[in-house]
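Each remark here refers to the structure printed beneath this line.
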Amino acid sequence: MTSMGARAVQTADISAVPQAGALSSSAALPRAVDRWRQTARVLAVAVALGAGLALVPPFAAEIARQTAFADADAAYLDDAEAQLMRAISWTPQNAYLHQFIGEIYYRKALFRPQQRKAYLDAALGAFKRSARLNPYEAGTFTLIGWTHLYLGEAGAAEEAFMKAKALDPNNPQVRYSLGTAYLWQKKLSQARTEMEFARRYVPNATEVLIAIREIDRLEGARQP
């Protein structure tokens with residue numbers, strides 16, 4: 001597990017948001033990076049197979065998707081975006097493609113802070129399109145929630161995380177994420193419930209332990 005150096009937050013500053021992705025493979029960037037690396041290995045085989053086939057739209061979309069994985073693995077985010085846009089043009093009803101291009105925008109927001117809001121807005125739109133096409137994927141709603149947090153919209157993040165929790169109630173990443181949204185809003189009792197649940201599954205998660213310490217501090221400050 002990778003610690004992101006997170007801290008519990010009291011403002012809407014993106015630099016202070018506990019990072020999504022420290023607890024499970026459903027997280028935004030670690031999951032995307034793993035997927036890029038795994039599927040990049042398949043790219044050469046896919047292209048070789050495609051040489052002898054007519055590039056009907058579904059197959060062409062798959063080639064574009066695999067190429068996007070390789071591009072993203074090399075951090076060529078603009079090329080990855082272009083390849084995914086091609087894939088989406090061929091298979092616009094593929095929820096997974098919309099989620100993946102949302103992750104590209106999400107990554108751009110982190111690496112290009114001067115255009116952060118524009119990329120976060122684009123990511124949010126892509127994630128929401130993915131959720132409309134497949135409303136049963138908890139990971140998509142988790143991504144929606146974290147994007148709202150990065151935009152400073154804790155209430156909307158809470159709503160998205162609640163949907164993720166309804167779909168996958170035993171996922172510690174989902175519960176940690178919901179707890180973070182509660183903590184942003186100083187809903188300390190609810191935040192503690194979610195963080196303690198996450199700690200039972202991942203007792204040494206730095207992000208969870210930091211959040212619980214922050215809850216302790218804020219509760220202590222409320223004492224007369």
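What distance in nm separates the simple spin-label points at Arg200 and Tyr136, each placed 7 Å from Cα in the Cβ direction?
That separation, rounded to one decimal, is 2.7 nm.
Rounded, prolate or oblate: which one fits region 114-188, using the alpha carbon gyration tensor with axes a ≥ b ≥ c (rounded when a/c is under 1.5, else prolate when a/b beats b/c, else oblate)?
On the way: a/c = 2.37, a/b = 1.11, b/c = 2.13.
Note, shape of region 114-188 comes out oblate.
Using 0.36 nm per residue of separation minus the Cα-Cα distance, give me the extension gain between Arg222 and Arg116 in nm, one decimal. Walk me through the intermediate numbers first.
Details: separation 106, 0.36 × 106 = 38.16 nm, distance 3.50 nm.
Additional length available on full extension: 34.7 nm.
Using a Förster radius of 41 Å, what is the FRET efficiency between Met162 and Ser89 based on their Cβ-Cβ separation? Nearest 0.05, please.
Numbers: r = 33 Å, r/R0 = 0.81.
With a Förster radius of 41 Å, E is 0.75.
Is the shape of region 176-224 rounded, prolate or oblate, going by the alpha carbon gyration tensor and its root eigenvalues a ≥ b ≥ c, with a/c under 1.5 for rounded and a/b larger than b/c for prolate? Don't skip to the end; give the middle numbers.
Working: a/c = 2.25, a/b = 1.59, b/c = 1.41.
Prolate shape, in that a/c is at least 1.5 and a/b is the bigger ratio.
Could you list, bin by bin from short to long, the percent of Cα-Cα pairs of region 76-224 in 10 Å steps?
12, 35, 32, 16, 4, 1, 0
Please report the Cα spread of region 68-149 along all three principal axes, rounded to whole Å, starting with the longest.
31, 31, 18
Report the label-to-label distance for Ala82 and Leu209 in nanometres (one decimal), using points 7 Å from each Cα along the Cα→Cβ vector.
Each label point lies 7 Å from its Cα, and together they span 4.6 nm.
Values in this text are rule-based calculations from the coordinates and carry no lab data. Just so you know, these numbers come straight off a predicted model, no measurement behind them. All Cβ positions, glycine included, derive from the backbone under ideal geometry; neighbour counts span all protein chains shown.
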